[in-house]
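Notes follow the structure.
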Amino acid sequence: MKKISLIAAIALASSSLGAASLEEAIKGVQVDGSAFIRHISNTGADDGGSDYIMRLVLDLSTGNKSGFNFGGGLFYHYGGTPTFGTRSDGAVDGSRSSRSAGISGGNVFGVSTLWAQYGWEAANTTITGGKLKLATPISSATTDRGVGALATSNPVDEITIALGWFDSWSADNQYIGGIWTSGNNGLGASASMGNNLSLIGVNGNYDNFAFKAWYFNIGNMANSLFGEFNIGKEYSFTAQVAYTDVYNSATLALGGGLLGANLGTNDVVGKEISSSRGLYTLQVATKPTDWLLARAGFVGSFGSGYGVALNNTASFNIAGKWWYDNFGNGRNGFSWNGQGGIENTHINLWYLAGKASVSIVDIGLDIAGISGKNQFAISQGNNGQSESDKTFYEITPSVDINIAKGAKLSAYYAMVFGQVDAQRFWAQVSYKF
């Protein structure tokens with residue numbers, strides 16, 4: 001077989017396209033992304049281990065071309081001609097990015113999103129379809145993805161309306177792990193969720209007042225509500241509330257075939273799954289000067305559980321850095337398939353947090369107290385999944401050094417004590433472009 005070098009291939013492509021057309025194609029491309037290298041070292045009676053984490057995220061889009069906008073890159077193909085018994089439920093192929101055979105957990109390399117968008121400038125409306133990031137108040141735009149369509153409209157300057165439907169989707173916590181991961185014959189770790197996700201949301205943003213009101217339906221599984229109210233700028237108050245109602249006969253639709261799993265009443269640890277979950281947050285904040293920010297808040301729950309989000313933190317106001325992130329699978333925190341998804345659980349969190357900026361250095365301090373019937377999971381227990389109700393505290397000083405435009409060196413040291421004993425040193429160098 002005759003081989004051709006990369007340089008020769010580019011030259012041939014350039015000559016066939018023509019220099020002018022290639023230049024025009026590149027000129028309007030918009031690039032957005034980030035990269036980091038991180039080291040984590042955990043110690044203490046209830047935690048341990050060390051590791052490196054590296055990530056590169058690159059998003060490309062053409063920009064407006066007669067109302068159209070396309071995003072993606074590289075050569076990408078997924079799927080084939082369907083036959084009897086196949087469904088479109090497996091199309092998202094995991095959170096973060098598409099997953100090849102042999103790659104498990106959070107490790108991925110491939111195409112994350114691929115989409116097309118059309119906008120009507122006169123109506124301030126856009127429709128985007130394809131493989132998208134799930135940027136909602138109860139999910140993570142960084143890691144959660146779905147295959148479907150999202151329409152947004154600004155009927156007036158202060159109001160944004162969102163309407164979306166996703167045929168297949170994946171939340172990062174759901175893929176990597178959680179209370180259903182190894183239950184139901186391991187089906188909880190399947191790459192895609194086939195339960196259709198529908199949503200409608202309204203955001204309002206005025207000078208001293210803002211609000212959010214969202215409704216979500218997860219087909220054959222749950223209904224969810226999210227609301228947020230914020231007033232003030234220099235001195236502000238924010239309240240958030242979320243509620244998730246899980247169906248009595250909730251069923252997971254997993255993978256691209258006719259595969260499913262009835263949740264029943266038991267999860268992997270043999271505890272009843274909560275059908276009614278509620279969470280609320282209250283926060284006061286002040287930014288009297290450009291160099292100082294201070295926050296104080298409380299998080300509580302109602303109903304029979306507190307797992308109300310697809311992601312363990314989503315957009316909820318919290319503080320601390322270790323207590324919700326001591327498991328890579330997001331068991332702790334507020335994820336729908338985490339510890340808050342167990343029947344008869346509740347959580348209390350109070351916190352104080354502040355950040356001061358001096359020249360290129362930002363110095364922060366988080367103080368948090370966690371209590372309640374929270375079924376908190378620690379990694380040093382039985383098979384790494386010991387869980388019980390814990391009351392403990394976290395004190396975490398942090399520093400960010402803005403070494404250049406877009407480049408940052410960050411570190412923190414978390415100290416956890418009370419009924420949980422753990423320490424963490426966390427360091428990262430990052431770049432945003």
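What follows is calculated from the coordinates using simple rules that are stated; it is not laboratory data. Treat the numbers as computed from the prediction; the structure is a model and nothing was measured. Reconstructed Cβ throughout: ideal geometry from the backbone, glycine too, with neighbour counts over all protein chains shown.
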Item to check | the stretch 357-433 versus the stretch 275-320: alpha-carbon centroid distance in Å | outcome: 16 Å
Checklist entry - Based on DSSP, what percent of beta bridges with both residues in the stretch 277-433 are antiparallel, to the nearest 5? => result 95 percent
Checklist entry - What does the charge add up to near Thr313, with Lys and Arg as +1, Asp and Glu as -1, over the other residues with Cβ less than 14 Å from its Cβ? => result -2
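For every other residue with a beta carbon closer than 15 angstrom to the beta carbon of Gly232, add +1 if it is Lys or Arg and -1 if Asp or Glu, then tell me the sum.
Numbers: positive: Lys233, Lys287, Arg295; negative: Asp207, Glu228, Glu234.
Surrounding charge for Gly232 is 0.
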Checklist entry - So which trypsin sites (Lys or Arg not before Pro) in the stretch 356-433 are both in a DSSP loop and have at most 15 other Cβ atoms within 10 Å of their Cβ? => result Lys405
Next on the checklist: Along the Cα→Cβ direction, 7 angstrom out, place labels at Ile161 and Val31. What is the inter-label distance in nm?
Outcome noted: 3.9 nm
Item to check | Net charge of Cβ neighbours under 13 Å - reference Ala294; Lys, Arg +1; Asp, Glu -1 | outcome: +1
Checklist entry - For Val429 and Leu225 in one chain, what is 0.36 nm times their gap in residues minus the Cα-Cα distance, to one decimal in nm? => result 69.8 nm
